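The values are calculated or read from the model by the stated rules, or taken from the named source; none is laboratory data. Computed from a predicted structure; not experimentally measured. Here the Cβ positions follow ideal geometry from the backbone for every residue, glycine too, while neighbour counts run over all protein chains shown.
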């Protein structure tokens, strides 16, 4: 998992996403199952369930416009979206090893980076990006992130950033909205 330096410090980055892309929307919806083992204790697999259609790299691949890098920072990641809104995601569709976001509250935090052609952090340090997530494979509270921050890294340029606090592991649909554009992907949050 690569580290990137942003305006807010060093951030550990891992991503997942993919689905059909259009100029304003890319959406993939699905359901998934939880496997059961032992005395009725639910367990979540490390790899995505066959019934959780996580977002995979599109063919042909999305390539961000200049001056953003054409190649993702790692061979285990891919760009997903359109010039209006895109993100960086892991090829296998799973965010693994997420840490609890609070010692007293269950849940798992993932930093999610978003880009848009022409977006500049210094001109818009508190972007109006909102992010919503809902679990597809079982009941769990959905959540909404109304505020984003921004960062800059010389190679990646300006980006928008949110900390997504997933209350449970499993199959999640994540939707970002920014200035009338929307992008959705499905990710497996694993142990």
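Counting only strands (runs of 3 or more DSSP E) wholly contained in segment 61-127, no element carries 3 or more residues that are exposed (fewer than 14 other Cβ atoms within 10 Å of the Cβ).
If a residue counts only when it is modelled with pLDDT of 95 or more, within 24 Å of residue 119 (Cβ to Cβ) and out of contact with any helix residue (DSSP H, G or I) (no Cβ under 8 Å at 6 or more places or on another chain), which strands (runs of 3 or more DSSP E) contained entirely in segment 137-191 have at least 1 such residues?
149-153, 157-166, 170-178, 181-189
Being more than 19 Å from residue 185 (Cβ to Cβ), surrounded by 13 or more Cβ atoms within 10 Å (Cβ to Cβ) and either in contact with a helix residue (DSSP H, G or I) (Cβ under 8 Å, 6 or more places away or on another chain) or at pLDDT below 95 (or both) is a description that does not apply to residue 30.
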